[in-house]
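Take a look at the structure below.
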Amino acid sequence: MTRKEHERRERLQQTLQSLGFTADEVDKLRRISNTLHRWHERECGDDRGWIERDETTNKPYWVSAHNNRRWPVTDRETGAHNRLRRIIADHGMREGNKKLRAYIQSDPRGAALYILRPGDVPDGCDAGSYYSRGVCVY
């Protein structure tokens with residue numbers, strides 16, 4: 001890790017801790033963001049294949065780009081969503097008045113997770129248009 005990457009990571013740690021997250025929760029949020037980012041990359045696919053969900057069972061499958069065969073894969077996305085929900089709920093119980101929300105941005109060209117503070121998204125507006133005002137978890 002370069003000095004610049006280390007400084008960025010330290011700034012993220014300080015920012016999230018100032019919002020009331022513990023150091024352990026910050027590490028978990030980073031892992032969740034990285035897991036979702038990799039999942040979104042695999043959903044978009046590459047020259048070997050892509051991930052898609054079965055419409056009836058909602059189970060994820062890896063689809064080969066060579067012969068369109070499907071293999072079941074571990075559903076890391078659902079687990080990451082569940083862990084994220086738990087962390088945000090625990091934070092809300094602990095901090096009380098801070099109404100933080102998580103926004104998951106599924107475009108693999110950027111970070112997957114943003115923490116939205118009150119006021120980051122104007123009332124009545126879609127978070128998808130304003131998520132970059134939040135804290136980017138990378």
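The values are calculated or read from the model by the stated rules, or taken from the named source; none is laboratory data. All of these numbers come straight from a predicted model, not from anything done at the bench. Cβ coordinates were reconstructed from backbone atoms using ideal geometry, including for glycine residues, and neighbour counts include every protein chain displayed.
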Do we find that VAL137 is modelled with pLDDT of 95 or more, crowded, with 16+ Cβ neighbours inside 10 Å, under 26 Å from THR15 (Cα atoms) and of a type in the set (Val, Ile, Thr) in this structure?
yes
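Given GLU25, GLU77, GLU55, which one is farther than 28 Å from GLU7 by Cα and either crowded, with 16+ Cβ neighbours inside 10 Å or of a type in the set (Val, Ile, Thr) (or both)?
Values: GLU25 fails: farther than 28 Å from GLU7 by Cα; GLU55 fails: either crowded, with 16+ Cβ neighbours inside 10 Å or of a type in the set (Val, Ile, Thr) (or both).
Going through GLU25, GLU77, GLU55 in turn, the sole match is GLU77.
On the basis of being of a type in the set (S, T, N, Q), more than 19 Å from the chain's Cα centre (by Cα), at pLDDT 95 or above and not in a strand (DSSP E or B), does THR56 make the cut?
Values: of a type in the set (S, T, N, Q): yes; more than 19 Å from the chain's Cα centre (by Cα): yes; at pLDDT 95 or above: yes; not in a strand (DSSP E or B): yes.
Spelling it out, THR56 is indeed of a type in the set (S, T, N, Q), more than 19 Å from the chain's Cα centre (by Cα), at pLDDT 95 or above and not in a strand (DSSP E or B).
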Within the range 9-33, residues touching a residue at least 24 places away in the same chain (Cβ under 8 Å) and within 18 Å of the chain's Cα centre (by Cα) come out as LEU12, THR15, LEU16, LEU19, PHE21, GLU25, LYS28, LEU29, ARG30, ILE32, SER33
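Could you list all residues from the range 88-105 that are closer than 16 Å to ARG38 by Cα and of a type outside the set (S, T, N, Q)?
Within the range 88-105, the first condition is being closer than 16 Å to ARG38 by Cα, and the residues that meet it are 104-105.
Hit for the range 88-105 is ILE104, nothing else.
Considering the range 113-138 alone, what residues qualify as being part of a loop (DSSP other than H, G, I, E, B) and touching a Phe, Trp or Tyr at 6+ places or on another chain (Cβ under 8 Å)?
Pass one, the range 113-138, residues part of a loop (DSSP other than H, G, I, E, B): 117-126, 130, 134, 138.
Once the filter is applied, which keeps residues that are part of a loop (DSSP other than H, G, I, E, B) and touching a Phe, Trp or Tyr at 6+ places or on another chain (Cβ under 8 Å), the range 113-138 yields ASP120, VAL121, PRO122, GLY134.
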Regarding GLU43, is this residue in contact with a strand residue (DSSP E or B) (Cβ under 7 Å, 6 or more places away or on another chain) and acidic (Asp, Glu)?
yes
Within the range 64-75, identify whether any single residue is free of Cβ contacts under 8 Å to residues at least 24 places away in the same chain and assigned to a helix (DSSP H, G or I), and answer yes or no.
no
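To keep it simple, each residue is scored yes or no on (1) within 13 Å of SER33 (Cα to Cα); (2) of a type in the set (A, V, I, L, M, F, W, C); (3) touching a residue at least 60 places away in the same chain (Cβ under 8 Å); (4) in contact with a Ser or Thr (Cβ under 8 Å, 6 or more places away or on another chain).
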residue: THR78; (1), (2), (3), (4): yes, no, no, no
residue: ARG83; (1), (2), (3), (4): yes, no, no, no
residue: ARG86; (1), (2), (3), (4): no, no, no, no
residue: PRO108; (1), (2), (3), (4): yes, no, yes, no
residue: ARG117; (1), (2), (3), (4): no, no, yes, no
residue: ASP120; (1), (2), (3), (4): no, no, no, no
residue: ALA127; (1), (2), (3), (4): no, yes, no, no
residue: SER132; (1), (2), (3), (4): no, no, no, no
Run down PRO72, PRO108 and say which single residue is over 28 Å from SER129 (Cβ atoms) and not acidic (Asp, Glu).
PRO72
Can you tell me which residue in the range 1-22 is nearest to ARG86 (Cα to Cα), limited to those that are surrounded by 13 or more Cβ atoms within 10 Å (Cβ to Cβ) and among the hydrophobic types (A, V, I, L, M, F, W, C)?
PHE21
